[in-house]
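See structure below.
The values are calculated or read from the model by the stated rules, or taken from the named source; none is laboratory data. Note that the structure is predicted; figures quoted are calculated from it, not measured. A quick note on method: Cβ atoms are made from the backbone with ideal geometry, for glycine too, and the neighbour counts reach across all protein chains shown.
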Amino acid sequence: MKQDPIGGSVANALNDLTRRFADNDLFVIRDLDIEEGRPTASFAYLRTIVDEKNLNRELVGVLSDGHKYEEGRKDAFYIEFMNRLGSAKQLRHMEEVEQFISAAGVVFFIEGRFMAYGIVMPGYETRAIEEPKIEVNVRGPREGFTEDIQKNLSMVYRRLKTSELKSVPFQIGRQSQTTVMVLYLKNRVDEPVLAEVLKRLRDVQMNVLIDSAQLEEWIQDSKYSPFAQILNTERPDRIASALNHGKTAILIDGSPNALIAPSLFTDFLHPSEDLYERFYFANFLRMLRLITLIISLFGPSLYIALTTFHLEMIPTPLMLAFLSSKAGIPFPTFIEALIMEIAFEILREASLRLPRVLGQSVSIVGALIIGETAVDAGVVSRPMVIVVAMTGIASFTIPQFSTAISLRLLRFPLMFTTAVTGVFGLSLGMFVIFLHLCSLKSFGKPYVPLFDGREWRKVIENYVLLPIQHRNIQSSGSNRRDDETG
Amino acid sequence: MADTLKISNFQFGCICFTYLSGFSTLFFNEAKILQQDVWMANVSAIVLSILILWLMKHVQVQYPDKTMTEIYQVLLGKWLGKAAVVGTLLYAVSITVLTLRALSLFYTTAILPHTSPELIMLMLVLTTSYSVYLGLETIVRTVQVMLPLFLISITVICLLMIPNVETNPFLPAFHSRLPEIAYGTLLSYAFPFGKGTLLIFLFHRIGNKKRLMAGTSIGLVLSCAYLLIATYLAIGSLGTNLMKSATFPFFSSIQLVKIGLYLERIEIVIIGIWTVFTLFETIVAHYLFTTIVSELFRIQEPKRFILPFGLLFFAIGTRSYVRPTELELYNTTILPFSTLLPTLILPLILGFLTLFRGQNGNRRLRDDP
Amino acid sequence: MMRPVRWALLFAAFLTIAAGCSTDITEISDVALVMITGVDYDEERGKFIFTAYCILPSATSTEKTDKHHEWVASAQGDSILDAARNLRSRAGKTMNWQHDKFFVIGEEAARHAFYEIVDYMTRSRDIRLTSYILVSEGKALDTLKNKSETNDLLANDLLGRTINQHLWGKSISLTLKDISNWFADPYRGFVTGRLRTNHGAGRSEAGLVLSGGSAFHKGKFIGWLNGQDTLTVYMLSKRKEWNKLEFALRVQSRSANVTLLMHAPKKKFHFRQSDQGPAMDVDMNLKATLMDMDRPLQIQSPETLEQLERAAGREIEEMIEGSLRRFQRDFKADLLGLSDFIRQYHSKEWSRMKDKWDELYPAMPVKIHANVKLTIIGMNQSLEGN
C-alpha cells in the first residue's frame, strides 16, 4: 500500500483530507488557529459518529481558561485540549488519518509537525450490556457481549486482572476496516496455535467484515466440513475461562459473538454453565447431552432401520401397537420420516423468523394441531410423530446452535443410507461421520480430543468435569509442558 | 504417503487389538474342531505371533529410519526383497477380499437376505477408500473412538449372555489329540492372529520403537482374551452340538440374549457397531497395500491410487468365494498353510538375516550419519 | 479442499443408484404377524400342512383402536417351504415370522418328519432360536383353531403359560435352541411341551391345555409324558431357569395329610462304577413351605418336623424313581441328560462306555437321596392354638 507521509503543512494535509472525504456530508474540519489566511492548527472528524457535544464542551472549557491561550504557548494549549479529550495516538501517514477518522476519531493537525494526533471519541449509540439471548444460564454471570468491541474488551479484562492478558489488534476488511482483537494469556497460551491464529488472521482477504461468522468461515481449518470448528460465544465469562485454558479469543467489532480458537468437538457440547454446577450434576448433564446427540443424529434412521429392516428387534407388544398405528398409512416409512422431518424443520424455521409472540403460537399450531390431525387423517403414524418430536427436542439440548444445525443436516443422509441397507448403511454412515470428525483439526489441534499416550488427564477433562481441586488447570502453573520448553 | 505423523505405542496397541479382533469371532473355525480345548490352540497361536512381532521389532530397531519394505530389500537383496514384498502384497489382497466376502456373506445370510453382496462390498470398499484417503492418523483416531464404543457394548452383551450359559463350556478338558490341537493352532494363527504380522509394515511409523512391544503385546493378549471369552460364551450358551453346526455361532448366541420378557434380538445394535469394528481390518490391509505399493514402485502421489485399489479389491471380491462353502473350505484347508509364508517364514528369514548381519548393519549405520 | 466434496458426491451418487434396489424393506403396514405356527405331516401322502396363526391390524380404520384380529390359515405342500409359500394364496399381506414364539408340531409330524422341521427352522434367519416348540396331540391345525379362554390373544395366553410353567412343574417347553442342540446327540433325548385340546365337561368351548411333556430320542418323537414324569425331568435336569421350580406335594405324616410347596431343588450327581456296571447317585436338597394340613400336627416339636421332612423326601424319591423306571425301561431314552453329565465330568469312563450306552443306560441303577428342609411354616402356627 502506498504510504503518504504527513508534511509539516496543515493546509496541505487538510486539502488532501478534503479530497479524500469529498462528497461526504459528515466530514468536518475545524480550525483552531489561522495565520496569514492559512490554518496552522485544525482538527477534522466525521459528524454524528463522533461525540461532538463533548468535543465542543471541552473546547469551550479550554478556551474559558483563557490565560493559557497566548502567543508562544499555543502548543501547551493544544496539548491541554487533547488531554482533556482523551489519549492521543500519533499518526504519520495520511492513510492512517483517513482510517482514524472513519473509525470515529478526531484528528489534530499542528503546523510544523510531521505527524497528526488522533483521539477516538465515539459518539454513536451502542446497545447496553444485556443478558445473553442464546446462551442462557440458570446460574452464573448474566452479562453478554454487545456490538461494541471496547465494551466487550472491558468485560474480558475485568475478569482477568493480569498483565499476562495480551491483545493483538487487526484491521480486517478493505472497506469495513473492522477492528479484530486477538486475546490470549501469555503464560498459558499454546504458542504454535497462537502463531497459527495470527497467521490466518493476517491472510484474511475480505471487503466487508460484519459478523464473526464470516471471519470464522475464513479462518477455520476445513471449509467444507458440516461441523463448526470454531466456537462462538456471547459470554465474556466463557472467554475468560477459555483463555485460562490456553486458548485464544477473537473479538470482532460489531459482532456480539466472540470466537474461541482452537475449539474441540467437546467444547461445542458443554455450555459454560457446566462450570457453575456441582460436578455430579454437570457430568450427568454432559452424559445426557451425549445421549441427545446420539438421538438427534440417529433417531429417525434408527426408527427406519428397526421398522423396515429389523422388525425382530421391536418387542412383540410394541410391534402389535405399531401394527395398528401403521395400518392404512400410504407412505413408505422412509418417505414418512422425510415428510415429518422436513415439516419439523419448516415449523422450527417459521417460529424462529416470526416475532417472538407469534412464533410461540406457530409452534403450538404446528405441534399440536397439525401433528394430531395428521395422525388422525392417516397421513403419518403415531410412532413417527413421537420419533421426530423426540429428535427435534433432543437437538435443542445441544448448546451450540451451529453444531445442532450440522447434526440436523447430517440426519438426512443417514436416513438415506439406512433406507438402502438398514443397520448396515446406518453403521457405515456413522463410521464415515466418525472418520470425518477424527480427520478434522482446529488450528492444528485434533478436533476430537483422544488419548494418544500422553496427558490422559487433559483428555479426560474434555469429557468429564472433575472436582475443582483435581482440575488440571487449577493445580498446574502452566499449560505448556515444561519438559519440552525447558 | 503425505501423512508422516508418528503414532504412539498406545495407539498402535489399539490398532493391534482392533485389527485382530474384528473378525475373530465370526466363524470360530478352530473352536468348532477343538471345542472346549480351543484355548490351547489360541494361546499357542498368540504366543507365536507375539514372538514373530518381537523378532520383527528387533529387525526394525536395527534400521530405525527405514520402512519395512526397504528393510526387506536391504536384507534379501533388491530383487528377492521386492519379490518377498510382492508376496506380502498378495497376502494383503487376500485379507481384504476375505474380509469383504466374509462380511457380505454374513449380512446376506443373517440380516439382509435380499440385498446383493456386490452392493454391500461396494459400500464397504468406498468407505475403506475414504478412510485410507484420510490417512493413518485419522484411522488410528477413529479406532480410538470406536474401541470404547465396541468394548462397552460387547461387555454389556457378554454380561447379558452369562445367564444363558447352561453347560460348563470347559469340560471335559484336555480331550483333544495333539494333531487336532496343532491343526487348530494353524487355523487360529491363520485366521485371527497371524494377520498381525502385516502390522510390521507400520513399525516405522511408531514414535518410540524401543518400547513397542508393550502396547503390541497387550493388544494381542487382549484380543486373544476377547476371542476366548466369546468362544466359551458361545459354547456355553449354544451347547456343544449347536456350536458345531451354527454358521455364525457367536451371532447366534447373541441372539439368545433377552432382557425382560419381550426385549429380544438386540443383536442388531451390536451388529451395527461390530460391522464398523470389523471394517478396520479391511482398512488397515487396504492402507498397507497402498503404502507398500507406493514404496515399492516409488509412486509420488499414492492418494490417486486409493480408489482404484479399492475397486480392484471389489472386483476380485465379486469373483471369489461366490458360494459360502468355498469360503469355509478356503479358510479351513488352504489359508492355514498359504498364510505361513508371509506371516511366519519370511519374518523368520528376516530375523535370522538380521542376527547374522546384525553387526554389519550396525556398523554401516554408524558410518553414515 | 475440493476432495471431500468429491467424495461426498461420489457417495451420494452411488446411494441414489442404490436406493432403487433396497429389496429388504418390510413395511409394517404390509405385515401379518405370525405368532404361532403349526406343522403337520401326512405320512401316507407325504404332504406337509402348514398352519399360521396371524395377527392382523383391524382393517384400515384410523380410529384409536388397538384391536387386532386373529386369523388362522393353513395350506398344504410337498415340503415345509412349499406349504408355507402356498399359504400366500390365502394371505394378502406379507407374513412375518420374526415374532413367532411358538411352533406347534403335530404328533404325526413329530414322529416322522421332525428332522426336516428342525432343519428348516434352524436354517431360517427369521425364526427365533428362543421360540418354543410344542407337540400337539392330534393335528396341530385343529389345536390352533381353539380360542383362548381368557379372551386374550392365543399367543399371549400361551406365552404366559409357558413362562409360568415352573410354578407347577407339570409342563415343560423347550426352545428351538435346546432342541437343535440336543437333536443331533445320539445319546440323550429331551422333553418338550405337550399341547392338547380339552373338551372338558360343562364347558361349551374346547380349550387348549399345556400339560405334560413329549419325549424325543434320536430325532424322533417317542411318546407322551404325564405331569409326574415331567416334574422329574424338571427336578433332575441341569438348567438354570428350572431352578426356580415350585410344586405342590401331598405328604402323609402321623395320619395327617400335609400339603407342602416344594421349591429351589438343588441336586448333585455322582457317578460310580459298581460291580454291575455304571451307576449313579443323586443327592437332592429341597426347601419346603408348609401350605396346609387337614388335622392338627405338633409342628413345634422337632421330631414331627423331621418326620414330615423325611416323609416328603421319601415321597419325592418314590416319584422320581418311578419316572426313571419309565424313562429307562419303557422309553429307553436318556431324557435327563445323564450322558452329558458323564461325558463332561467323567470323560475317561464315558469314552469307554459310550458305544454301549444304549444297552448300559436302561440297566443303570440311579439312586435318589432327597433331603427336604421345611423352612417356612406360614403366618399361622396351628389353628388350635396350643
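Considering C:Thr130, C:Thr150, C:Thr94, which residue is over 18 Å from C:Thr230 (Cα atoms), hydroxyl-bearing (Ser, Thr, Tyr) and without any contact (Cβ under 8 Å) to a residue 12 or more places away in the chain?
None of the others qualify; the one that does is C:Thr150.
If you take the residues in region A:92-112 that are under 13 Å from A:Gly8 (Cα atoms) and in a strand (DSSP E or B), which one is farthest from the chain's Cα centre (by Cα)?
Out of the qualifying residues, it is A:Ile110.
Counting only residues that are among the aromatic types (Phe, Trp, Tyr) and more than 17 Å from the chain's Cα centre (by Cα), how many does region A:140-178 have?
1
Consider A:Ala337 against the criteria (1) touching a residue at least 12 places away in the same chain (Cβ under 8 Å); (2) more than 14 Å from chain C (Cβ to nearest Cβ); (3) of a type in the set (A, V, I, L, M): it satisfies all of them except one. Which criterion is unmet?
It is condition (2) that A:Ala337 fails.
Taking interchain pairs and intrachain pairs at least six residues apart, which have beta carbon atoms under 7 angstrom, with the first residue in region C:313-331 and charged (D, E, K, R) and the second outside any helix (DSSP H, G or I)?
C:Glu315/C:Leu249; C:Glu315/C:Val251; C:Glu317/C:Ile368; C:Glu317/C:Ala370; C:Glu321/C:Ile368
Kindly evaluate A:Thr162 against the criterion of being of a type in the set (S, T, N, Q), under 27 Å from A:Ile129 (Cα atoms) and buried (at least 22 other Cβ atoms within 10 Å of the Cβ).
It is false that A:Thr162 is of a type in the set (S, T, N, Q), under 27 Å from A:Ile129 (Cα atoms) and buried (at least 22 other Cβ atoms within 10 Å of the Cβ).
Checking the condition away from chain B (no Cβ under 14 Å), under 23 Å from A:Phe334 (Cα atoms), surrounded by fewer than 21 Cβ atoms within 10 Å (Cβ to Cβ) and basic (Lys, Arg), which residue from A:Arg408, A:Arg353 passes?
None of the other options fit; the residue is A:Arg408.
Limited to region C:129-157, what total is found for residues that are at pLDDT 85 or above, at negative phi and part of a loop (DSSP other than H, G, I, E, B)?
5
Answer yes if at least one residue in region B:219-235 is in contact (Cβ under 8 Å) with a residue 60 or more places away in the chain, on the phi < 0 side of the Ramachandran plot, assigned to a helix (DSSP H, G or I) and within 11 Å of chain C (Cβ to nearest Cβ), and no otherwise. Reasoning before the result, please.
So in region B:219-235, the residues in contact (Cβ under 8 Å) with a residue 60 or more places away in the chain come out as B:219-224, B:226-235.
If we keep only those that are on the phi < 0 side of the Ramachandran plot too, we end up with B:219-224, B:226-235.
Retained after the next criterion (residues that are assigned to a helix (DSSP H, G or I)): B:219-224, B:226-235.
Imposing the further condition that a residue be within 11 Å of chain C (Cβ to nearest Cβ) reduces the set to B:235.
Scanning region B:219-235 turns up at least one residue that is in contact (Cβ under 8 Å) with a residue 60 or more places away in the chain, on the phi < 0 side of the Ramachandran plot, assigned to a helix (DSSP H, G or I) and within 11 Å of chain C (Cβ to nearest Cβ).
Considering only residues that are small (Gly, Ala, Ser), closer than 22 Å to C:Asn243 by Cβ and surrounded by fewer than 18 Cβ atoms within 10 Å (Cβ to Cβ), which ones fall in region C:142-198? Before the answer, list the steps.
Initial filter on region C:142-198 (small (Gly, Ala, Ser)): C:148, C:155, C:160, C:169, C:171, C:173, C:180, C:184, C:189, C:193.
After this cut, where a residue has to be closer than 22 Å to C:Asn243 by Cβ as well, the list is C:160, C:169, C:171, C:173, C:189, C:193.
Result: C:Gly160, single match.
Filter region C:344-375 for residues that are within 12 Å of chain B (Cβ to nearest Cβ) and small (Gly, Ala, Ser); which is farthest from the chain's Cα centre (by Cα)?
Filtering region C:344-375 for residues that are within 12 Å of chain B (Cβ to nearest Cβ) and small (Gly, Ala, Ser), the one farthest from the chain's Cα centre (by Cα) comes out as C:Ser351.
May I ask you to verify whether B:Ile111 is within 14 Å of another protein chain (Cβ to nearest Cβ), surrounded by 21 or more Cβ atoms within 10 Å (Cβ to Cβ) and out of contact with any helix residue (DSSP H, G or I) (no Cβ under 6 Å at 6 or more places or on another chain)?
yes
Pairs needed: first member in region B:157-170, assigned to a helix (DSSP H, G or I); second member anywhere, among the hydrophobic types (A, V, I, L, M, F, W, C) and exposed (fewer than 15 other Cβ atoms within 10 Å of the Cβ); C-beta distance under 9 Å; at least 6 residues apart or different chains.
B:Leu160/B:Ile259
One residue is enough: does region C:97-106 have a residue meeting the conditions small (Gly, Ala, Ser) and modelled with pLDDT under 90? Break it down stepwise before answering.
Going through region C:97-106, the residues small (Gly, Ala, Ser) turn out to be C:106.
Checking the rest, the ones that are also modelled with pLDDT under 90 come to none.
No, region C:97-106 contains no residue that is small (Gly, Ala, Ser) and modelled with pLDDT under 90.
Which residue, of C:Arg310, C:Arg329, C:Arg314, is modelled with pLDDT under 90, within 35 Å of the chain's Cα centre (by Cα), outside the structural domain of C:Ser214 (by TED's automatic domain parsing) and part of a helix (DSSP H, G or I)?
Result of the check over C:Arg310, C:Arg329, C:Arg314: C:Arg329.
Restricting to region B:119-165, count the residues that are buried (at least 18 other Cβ atoms within 10 Å of the Cβ) and in contact with a strand residue (DSSP E or B) (Cβ under 9 Å, 6 or more places away or on another chain).
Total meeting the criteria: 5.
Those residues that are within 7 Å of chain B (Cβ to nearest Cβ) and closer than 11 Å to B:Ser131 by Cα, I need them from region A:425-439; list them, please.
A:Phe431, A:Val432, A:Phe434, A:Leu435, A:Cys438, A:Ser439
Of all residues in region C:111-155, count the ones that are over 21 Å from B:Gly239 (Cβ atoms) and either outside the structural domain of C:Gly38 (by TED's automatic domain parsing) or aliphatic (A, V, I, L, M) (or both).
7
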